Amino acid sequence: MTKMVNCVVLGREAEALDQSPYPGELGKKILENVSKEGWQQWIKYQTILINENQLVLFKPEARKFLEQEMEKFFFEGGSKLPGGFVNPPKKGN
């Protein structure tokens with residue numbers, strides 16, 4: 001039987017993650033409150049943050065920034081996209 005969680009991203013019950021995607025207490029909190037689909041939304045959002053802010057991921061300050069944004073995204077009402085960001089048009093439109 002598939003494990004389900006009440007996903008904070010989707011606002012409904014959805015399939016749970018198989019394991020913690022992040023270390024420590026934040027990872028535990030994510031595992032208990034975020035679905036697979038919700039986590040994938042974060043991955044897409046995180047990619048935008050990395051690219052738009054030109055983050056260098058081996059730098060501790062970049063990782064700290066992403067962790068703070070992850071906390072906001074999941075548990076503090078959302079994270080803000082970088083100023084001036086425009087979603088590219090969908091293919092086929």
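Taken together, the values in this text are just the output of simple stated rules run on the coordinates, not laboratory data. In this text the structure is predicted, and so the values were computed from the model without any measurement. As a convention, Cβ positions derive from the backbone with ideal geometry for all residues, glycine included, and neighbour counts pool all protein chains shown.
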LYS80-TYR22 pseudo-label distance in nm [points 7 Å out on the Cα-to-Cβ vector]:
2.0
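Fully extended, how many nm does the chain gain between LYS90 and LYS29 (0.36 nm per residue separation, minus their Cα-Cα distance)? Present the calculation step by step, with values, prior to reporting the outcome.
Working: separation 61, 0.36 × 61 = 21.96 nm, distance 3.29 nm.
Length gained between LYS90 and LYS29: 18.7 nm.
Hand me the chymotrypsin sites (Phe, Trp or Tyr not before Pro) from the stretch 1-62 located in a DSSP loop with no more than 14 other Cβ atoms within 10 Å, in residue order please.
Values: sites: TRP39, TRP42, TYR45, PHE58; in loops: PHE58.
The qualifying sites are PHE58.
For ARG12 and LYS72, FRET efficiency with R0 = 22 Å and r from the beta-carbon atoms, rounded to 0.05? Intermediate values should be presented prior to the final figure.
Working: r = 21 Å, r/R0 = 0.94.
So the FRET efficiency works out to roughly 0.60.
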Can you list the HN-Hα couplings for the stretch 8-20, worked out from phi with the Karplus curve (6.51, -1.76, 1.60; θ = phi - 60°), rounded to whole Hz and with x for Gly and Pro?
5, 7, 7, x, 7, 6, 8, 4, 6, 5, 6, 8, 4
Points 7 angstrom from Cα along the Cβ direction at VAL56 and MET1: gap in nanometres?
5.1
Ranked by GNM mean-square fluctuation in the chain (Cα springs under 10 Å), the top entry among LYS44, LYS72, LYS29 is LYS44
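Over 25 Å between C-alpha atoms is what I'm after, so list which of LYS3/LYS59; LYS28/LYS64; LYS3/LYS44 land there.
Values: LYS3/LYS59 36 Å; LYS28/LYS64 18 Å; LYS3/LYS44 23 Å.
Among LYS3/LYS59; LYS28/LYS64; LYS3/LYS44, the Cα-Cα distance tops 25 Å for LYS3/LYS59.
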